[in-house]
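Notes follow once the structure below has been shown.
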Amino acid sequence: MIAKAKAISHSINAIRYITGESQHKKHPEKIHRILDNLLPLQPDAMGIWNSMQLTLSRFRPIKNSVIRIELSPSAEHTRFFNVEDWQKLWQDFVAEFNKQVIIGKDGKVRSCPTHLANSKYTVWLHTESGGGVPHLHAAVCRMDEDGNINNDHNIHLRAQRAAERVAKKRGWTTAAQVRNSNIHLVNRDCMDALKSMQSWSWEAYKNTLVRKGYAVHERKDGNGILRGYALVNGNTKYKASELGVGRNLMISKLPKTWEKLHYQSRVGTLNTTFKGTEQAPKPSVYANYTQYNTCRSGTVPYTLNYENQNYHFYIPEKVLDCFNDEFDYRIVANSQELTDMAVAIFVGLLETPNVATGGGGGGSQSDLPWRDKDEDDLQWARRCARAAGRLLGKKPKTGLKR
């Protein structure tokens, strides 16, 4: 069971929506009154609003004068519910909602217990949703009959905690349990969507997830730039920051995640890569790259094809991140060829020739091929990247503007 709550200012419109009087409601016959509290007998939307206004006028005006609440249990739990069952569910929820105390990170009380039981409210059952899941909508006056304000600090947390507690007491599946049991499936669908894409595209990623049955909610800033997203499946919402490993499915990290998934599928052959270089590397007779043949913690798979033979490696993830940063595919046209070359040098598959680094005074030799025994992976990776750049040259993408 999930619950949502928010203090709102457009109260009369919300009440019309809740009661089915809004023109946006196509099936008002599927909306039923469940319970009114401290209100006149069977009032319409305007009557409910006017009654709440009378309470507010007795004390002081409040900008967000109504709390809008939605309570949505799973359909299997309410299959045989009658009006009395829905009333009892709402009253149990109100009791748990009221008694919570919200504590801030500094240990101070941010929100005292609320007073919904002593406040005017109206509760309606909606059965017209596309998913066919019956759920309750309520509008509650922010000020109770004694002039106490129902605090709205972190009110969404208050609502969800109340729903969790009611569900546990009834032995129902909670939203947290549903989320925990399904999140690995959501992660798998996201990764499958990325794997299916031949090139990185937010629209392609989004459309693939929509075809899998998810609603994709985009979050854009004032300039229309996409800053985040969330996936909704049924009644459960998954923020991008909660998905994947190390938040690798957040909007800012999706391109790199796609790149890592396509290292194997996008590699060309080293034969083609190295053709035409003035001083092409040769297979090293001293190569000792067996240490990269085993999957270890912190590594990712990488496949190279050289002289019609596939070589499978497990490269430290931080090394591939280094190459990805050095050969940024958004800027460098031959980023994949450069990465292949750097990886081949890194694992010792190739013996790198001495390449002049330029400059006067007799010329210096390449700082390769040998790796210092005291050198860590990142230091070695940086030297490999520089060597690959000297051998192949970075080719900038055309049409780029600052």
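Annotations for the structure displayed:
- Using a probe of 1.4 Å, the accessible surface attributed to T19 totals some 20 Å² when neighbouring protein chains are kept in position.
- Q23 paired with N118, simple spin-label distance in nm, labels 7 Å along Cα-to-beta-carbon: 4.1
- Over 32 Å apart at the Cα level, from the set K6/K30; K105/K195; K26/K195; K63/K99; K212/K253, are K105/K195; K26/K195.
- Each of D325 and M46 was given a label point 7 Å from its Cα along the Cα-to-Cβ line. The distance between the two points is 6.5 nm.
- Debye equation applied to the C-alpha atoms of region 158-262, log10 I(q)/I(0) at 0.11, 0.15 Å⁻¹: -0.39, -0.67
- Cα gyration tensor shape of region 113-203, rounded if a/c is under 1.5, else prolate or oblate by comparing a/b with b/c: prolate
- At an R0 of 41 angstrom, the distance between the Cβ atoms of H184 and L38 translates into a FRET efficiency of 0.35.
- Per residue, the convex hull volume that the Cα atoms of region 37-178 enclose (Å³): 136
- Solvent accessible area, Å² - H27, 1.4 Å probe, full protein context: 80
- With all protein chains modelled, accessible area of Y238 [1.4 Å, Å²]: 0
- Computed from the C-beta positions of N148 and V245 and an R0 of 45 Å, the FRET efficiency is 0.45 to the nearest 0.05.
- Three-way shape call for region 122-172 based on the alpha-carbon gyration tensor, with the a/c threshold at 1.5: oblate
- Partner aspartates and glutamates for K220 [C-alpha distance under 17 Å; skip if fewer than 8 residues away on the same chain]: E203
- Candidates per trypsin sites (Lys or Arg not before Pro) in region 92-178, loop by DSSP, up to 13 other Cβ within 10 Å: K99, K105, K108
- Difference of contour (0.36 nm per residue) and Cα-Cα distance, R211 to M197: 3.7 nm
- Whole-Å distance, taken between Cα centres, linking region 142-190 and region 195-244: 23
The values are calculated or read from the model by the stated rules, or taken from the named source; none is laboratory data. A quick note: this is a predicted structure, and the numbers were derived from the prediction, not measured. As a convention, Cβ positions derive from the backbone with ideal geometry for all residues, glycine included, and neighbour counts pool all protein chains shown. In case anyone asks, the SASA skips ligands and DNA or RNA and just uses the protein heavy atoms, side chains included. Shrake-Rupley method; radii C 1.70, N 1.55, O 1.52, S 1.80 Å.
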